[in-house]
Amino acid sequence: MSDYRETFYNSYVSRYKGTTSQLSGDSLTPYFAMWKFKFLPLFKGLGPESTILELGCGPGYMLEFLAKCGFKQVRGIDVSSEQIEQANRRGCVAEVADVYEFLKDKHDTFDVILALDFVEHFHKEELLELALLIFTSLKKGGRLILQTPNGQGLFARQIVYGDITHITIFTPASLQQLLSESGFDNFRFSETSPTPQNMKGRLRLLLWQLVKFAANSVRRIEAGKSQTIWTENMICCCEKCN
């Protein structure tokens, strides 16, 4: 990568992500609790020796979470040396690498590839190549788990335009269109909605369901349609079935 994005990635922590890249201890508890609800079920059926790679791992929060969940072969890559330094300090196995160079010789290597808040940073032409590299790097039956801004979310603009390096924004339909082209199948989409981990979370989830009902009512009136994924981000899990 040798365009304007490189300028921002070189100082991602020191200028833009300083606070959020240095969380630890109790400050990570809410994230881990949410991921237990949202992401851990997507790893169902995988054993502790499953090979897991996170693309764009940042400061290593998800790597640490997965290690705490018992997965032993978890590693990450990122183009930001500042963020990899943070991840290494956390005890995570992570390295500075360009995703295209890293994956080009990793055929049938991983059981799971994670790409959280990652694919939105690429042009469509780049994504076609990237999706195929991810597909070939997974073992048969392997899973791709990603999170990305939801173009049809109620408040998508705050995420879409919240980072100058965001380039391509998806809806569930367009993301499935991209990944199906590379051979992925068995798609499952879910929201990043509030989780019922405590009374506050249960109340927020109830209110969110009411908001969705109202939003779908408007959509039915305007276009005769409805949708299930309304959150500003969405989660997608798909598989390499062949």
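The values are calculated or read from the model by the stated rules, or taken from the named source; none is laboratory data. Just so it is clear, the model here is predicted, and its values are computed rather than measured. Glycine also receives a Cβ, built like all others from the backbone with ideal geometry; neighbour counts cover every protein chain displayed.
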*Determine which single condition Gly151 fails, assuming it passes every other condition in (1) touching a strand residue (DSSP E or B) at 6+ places or on another chain (Cβ under 7 Å); (2) within 24 Å of Glu125 (Cα to Cα); (3) in contact (Cβ under 8 Å) with a residue 40 or more places away in the chain.*
(3)
_Which count do you get for residues in the range 197-218 that are surrounded by 12 or more Cβ atoms within 10 Å (Cβ to Cβ), of a type in the set (S, T, N, Q) and within 15 Å of Ala33 (Cα to Cα)?_
1
*Tell me, which residue of the range 219-242 that is basic (Lys, Arg) and surrounded by 15 or more Cβ atoms within 10 Å (Cβ to Cβ) is nearest to Ile134 (Cα to Cα)?*
Lys240
*asked:* Let me confirm something: among Leu42, Leu46, Leu63, which residue is touching a strand residue (DSSP E or B) at 6+ places or on another chain (Cβ under 9 Å), part of a helix (DSSP H, G or I) and surrounded by fewer than 21 Cβ atoms within 10 Å (Cβ to Cβ)?
replied: Leu42
*Going by the structure shown, is Asp105 under 20 Å from Glu232 (Cα atoms), in a loop (DSSP other than H, G, I, E, B) and of a type in the set (D, E, K, R)?*
no
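Conditions (1) out of contact with any helix residue (DSSP H, G or I) (no Cβ under 8 Å at 6 or more places or on another chain); (2) modelled with pLDDT of 95 or more; (3) closer than 24 Å to Cys236 by Cβ; (4) of a type in the set (A, V, I, L, M), marked per residue:
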residue: Thr51; (1), (2), (3), (4): yes, yes, yes, no
residue: Glu54; (1), (2), (3), (4): no, yes, yes, no
residue: Ala67; (1), (2), (3), (4): yes, yes, yes, yes
residue: Gln73; (1), (2), (3), (4): yes, yes, yes, no
residue: Ile77; (1), (2), (3), (4): no, yes, yes, yes
residue: Ser81; (1), (2), (3), (4): yes, no, no, no
residue: Arg89; (1), (2), (3), (4): yes, no, no, no
residue: Glu101; (1), (2), (3), (4): yes, yes, no, no
*Which one of these does Ser21 not meet: (1) outside any loop (DSSP other than H, G, I, E, B); (2) surrounded by 20 or more Cβ atoms within 10 Å (Cβ to Cβ); (3) modelled with pLDDT under 90?*
(1)
